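I have placed the structure first, in the form of structure tokens, so that the comments after it can refer back to it.
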Amino acid sequence: MQKIMKKFFVGIIFCTLLIISAFGSALLPHSFTSNFSSGQPASVVLGQSNFTSANRGTTPTDSDLSNPNGLAIDPHGNVWIVDNGNNRVLEFSKGAGFTNGEVASVVIGQPNFTSSTNERTQTGLDSPWGIAFDSSGDLWVSDFFNNRVLEFVPGTSPCAAGQFCNGMPASVVIGQKNFTVNSLQVGQSTLPSPTGITFDSHGDLWVAEQNVNRIVEFVPGSFGCPTDQFCTSMNASLVIGQSNFTTDTSAVPPKASSLDWPEGLAFDSSGDLWVSDSVNNRVLEYIPGTSGCPTNQFCDGMSASTVIGQDGFITSTNTYPPNNLTLSNPFDVSFDSSGNLWIADQNNHRVLEYIPGTSGCPSEQFCSGMGASLVIGQSGFTTDFPQTTASGLYDPFGIAFDQAGNLWVSDYDNFRVLEFIGSATTTTLTSQTSSTSSATTSSTSSSLNTSNSTSSSTSSASISSSTSTSLSSSSSPTGSTSSSTTTAITASTSSISSISSYSSTSSSTLSSSTTTPVTSSSRSASSSTISSSSSITSSSSSNNIGTSASESTSTSNSQTSSSGSPLYLFFAIIGVVVVVVVLGSVLALSRNRSGGRRPV
């Protein structure tokens, strides 16, 4: 009997652990971390000898910068800076590491480091703006006042094989018929006022055009170009922000399908396009396959699916003082290796980080109206002072991440570029800013609202074993109430006890003169279909996301959000019950058989 009972309990322990393992990913919170902290100082400055100077020399040198904007990191870790005021692009070699005020190693757009003439030639530039590298390592530059984009191929004469060199010529021009003309016509093959440029995962070139309020895509090998190649004066294949290639309007008030001075561009890991719509004080997400587009494709004049910086798609408010929900003339967008979104919020003199799944967004997703989790350039979310210090910014324009995860920011009116070192340390964000999360989900529908009220949601879960491993998650705003969810499971070699409780606080009261719509986008993990949904509601229901206008700043380096449903816990408990019943039956059967035997 003792042997049977021992096998019985061992079986229960084993099956329970299997069930916990199977459903653990759903029951435990997903963690999203940031390797930076709010208000942290920069570690390296380029363009200045120290962090408190903002000199703009009358004659350029190999270490000076004049209104830098675009940034890019090449595959070798070298930093490339668009030196807008000097009509040139500079390369700063990584070498053994970067140092304050170091000299550039290569200049493009000028024959040497001491000239700054604006020219419309194959080797000249006039107010360059954006910069990007394609998958082959070629350098692309948007030449703003020459209304064109240029490709520079390493190894082009007179450069050494595989190398860029001073004053080198461009190999391809897009937006003009040749290297010496400057057409301002709005059309399919022209590029009036190009700003941000980037490449998607297919190698297509995307260009933002500021003054004509549109984004265009160029596909290599199309319109008579050699296979898989771009060629001079080629046509664009697609336009966003306009219904066709010959219009340049900006809607007032704005719409989900309109743009007003787009600047920065970036693609996330899912292939969605993000655009900084500067005059509308917002950043937009475009999801392929939505807005009536073919499956997994973008299409002309499509609408955005998500808006950040505004309550909805029809507002362009410039809020003062700022907070973690607002933007003022955002210039650039970028993603770090963790998938967090970063925005250069120019007029607020700061850079903001947005973590998916926080601020009331669905798990691992961004959503409309969400708040930033971290600020660099300011001590908190409600200040907007320009500063010339190691921790201050004055009109940040470009942002980029190097291979080590460090953040680079072009500090336009401080005439410098700063490097912020990412830390590997991860701590829990215990005090979040003016966004709190509380959502009720259903298998058939969900409702998301944002308003100026107080709400709270706190969750925690921990697993402890002989190795004492634990996971925890908590978040609540200042001045709000919270409830907690705790699940603890303790295991030893001879017995297992499980104590589980699940509770969720879905704060329901919203009070405000205005209602903030929230749009959430979701993707199916089991198919290639990408879908998005948005809802704007103004009812006082229990399925709400509350947003408080109060702020509390944290110096912590990470935030944890949780996802999961009581349904998973229900199935886990049912599984345990089934195992107990089955093993109990086996035990009873064994006892009956044992009792029926007669001694020989």
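Quick look at the values:
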| quantity | calculated |
| --- | --- |
| Selection status of A372, within 24 Å of I240 (Cα to Cα), surrounded by 22 or more Cβ atoms within 10 Å (Cβ to Cβ), aliphatic (A, V, I, L, M) and modelled with pLDDT of 95 or more | no |
| Answer residue from segment 166-214, given it is open to solvent by 10 Å² or more (accessible area, probe 1.4 Å), charged (D, E, K, R) and under 30 Å from K255 (Cβ atoms) and is farthest from the chain's Cα centre (by Cα) among those | D204 |
| Verdict on N281 being free of Cβ contacts under 8 Å to residues at least 60 places away in the same chain and open to solvent by 30 Å² or more (accessible area, probe 1.4 Å) | no |
| The lone exception for P128 - which of (1) over 30 Å from the mean Cα position of the chain (by Cα); (2) under 23 Å from T58 (Cβ atoms) it fails | (1) |
| Residue in segment 136-151 that is out of contact with any strand residue (DSSP E or B) (no Cβ under 9 Å at 6 or more places or on another chain), surrounded by fewer than 18 Cβ atoms within 10 Å (Cβ to Cβ) and more than 27 Å from D260 (Cα to Cα) present | yes |
| Restricting segment 54-65 to residues that are in contact with a helix residue (DSSP H, G or I) (Cβ under 9 Å, 6 or more places away or on another chain) and surrounded by fewer than 18 Cβ atoms within 10 Å (Cβ to Cβ), the residue that is modelled with the highest pLDDT | A54 |
| Single residue of segment 77-112 satisfying the filter (open to solvent by 40 Å² or more (accessible area, probe 1.4 Å) and not aliphatic (A, V, I, L, M)) that is modelled with the lowest pLDDT | G95 |
| Any chance E364 is surrounded by fewer than 24 Cβ atoms within 10 Å (Cβ to Cβ), part of a strand (DSSP E or B) and touching a residue at least 40 places away in the same chain (Cβ under 8 Å) | no |
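The values are calculated or read from the model by the stated rules, or taken from the named source; none is laboratory data. All values derive from a computational prediction rather than experimental measurement. A quick note on method: Cβ atoms are made from the backbone with ideal geometry, for glycine too, and the neighbour counts reach across all protein chains shown. Accessible surface is based on the protein model in full, side chains and every heavy atom, while ligands, DNA and RNA are left aside. Shrake-Rupley method; radii C 1.70, N 1.55, O 1.52, S 1.80 Å.
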